[in-house]
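Okay, so here's the structure we're looking at.
The values are calculated or read from the model by the stated rules, or taken from the named source; none is laboratory data. It should be emphasised that the depicted structure is a prediction, and the values quoted were computed from it without experimental measurement. Glycine also receives a Cβ, built like all others from the backbone with ideal geometry; neighbour counts cover every protein chain displayed. In case anyone asks, the SASA skips ligands and DNA or RNA and just uses the protein heavy atoms, side chains included. Shrake-Rupley method; radii C 1.70, N 1.55, O 1.52, S 1.80 Å.
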Amino acid sequence: MNEHPDAQRRYVALIPAAGVGARMAAGSPKQYLAIGAKPMLRHTVDAFLSSPLIAHTYVIVSADDPFIDAVLHDANDAGSRVTVLRCGGATRMESIRNGLHAVRDLLADTDHVLVHDAARPGLNAALIERLITETGDHAAGGLLALPVVDTVKRSIGGDIATVARANLWLAQTPQMFTYVLLCRALDAANDPAAITDDASAVEALGLAPRLVEGHPRNLKVTLPSDIRIAEMYLAADASI
């Protein structure tokens with residue numbers, strides 16, 4: 001890996017967008033479904049373009065993706081701060097690994113990579129700044145998350161038990177780590193099914209990323225009913 005000539009810390013976004021979104025039962029991958037006036041993925045990219053802290057945004061799609069060019073046709077009007085990487089894999093983790101490899105010569109080991117779900121269109125510049133500021137120099141990186149406020153039940157074989165919600169958090173994205181740490185964590189992950197997010201790969205190394213409180217507007221659009229909720233947050237521009 002290379003040392004970037006600019007010693008100042010840089011932050012870049014990495015958006016895996018090669019999934020098919022099967023649970024949406026739509027005619028196209030869910031990241032291209034309309035949320036309000038534009039595709040979901042464009043909302044996500046625009047959030048990073050709106051942040052002066054983000055030096056560049058990389059979007060990872062499949063090699064034969066037919067939609068991305070139309071969605072981002074004018075994104076480079078923002079000073080060439082967006083690059084499409086056509087190296088998506090069969091899984092989210094594989095896509096991220098491929099993307100990190102593709103930008104290996106462009107980033108320093110110490111540059112910070114913010115990995116963000118394409119299907120979280122409610123992200124904004126304020127949340128990005130909060131993650132960067134509150135994670136600070138924490139060696140294990142950090143992620144946006146929400147403390148659990150509902151009562152949690154666990155059902156096993158018909159038996160139901162209440163789980164104490166103290167200290168429980170719901171992980172969101174972006175999840176931010178140095179380039180070298182993220183590469184090391186994902187390369188060490190032998191079971192993709194066990195790595196449900198990037199932070200879990202870092203945790204498997206024995207490290208503890210910092211939890212930074214996010215916001216409900218940053219929900220992940222998974223089911224058709226989530227689209228309306230996302231539209232409500234975007235229309236209201238909920239304060240954080």
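Brief remarks follow.
- Ranking Ala108, Ala161, Ala118 by how far each Cα lies toward the positive end of the dipole of the range 88-240 (charges on Cβ) leaves Ala161 at the top.
- Candidate lysines - alpha carbon under 18 Å from Lys220, same-chain residues fewer than 8 apart omitted: Lys30, Lys38
- Under-5 Å amide H pairs with His56, H placed in peptide plane, nonlocal only: Ala13
- For Gly122, the residues 5 or more places off, or on other chains, whose built amide H falls under 5 Å of its own are Leu219.
- Accessible solvent surface per residue of the range 171-240, calculated while the other protein chains remain in place, 1.4 angstrom probe, Å²: 48 Å²
- Amide proton proximity set for Gln172, modelled H, under 5 Å, gap of 5+: Leu144, Ala145, Leu146
- DSSP-defined beta bridges in the chain - what % are antiparallel, rounded to 5: 45 percent
- Calculated from backbone phi, Karplus (6.51, -1.76, 1.60) coupling profile of the range 62-74 in Hz, x at Gly/Pro: 6, 4, 10, 4, x, 9, 4, 4, 5, 5, 10, 4, 10
- Fraction of accessible area attributable to carbon and sulfur, the chain (%, probe 1.4 Å): 53 percent
- Placing +1 on the Cβ of every Lys and Arg and -1 on the Cβ of every Asp and Glu, with no other charges, gives the chain a dipole of roughly 540 debye about its Cα centre.
- Since only Ser51, Ile229, Val212 are under comparison, the one whose Cα sits farthest along the positive direction of the charge dipole of the chain, derived from C-beta charges on Lys, Arg, Asp and Glu, is Ile229.
- Solvent exposure of the range 94-139 amounts to 36 Å² per residue of accessible area, where only protein heavy atoms count and the probe is 1.4 Å.
- With a cut-off of 10 Å between beta carbons, the residues surrounding Val163 carry a summed charge of +3, where Lys and Arg count +1 and Asp and Glu -1.
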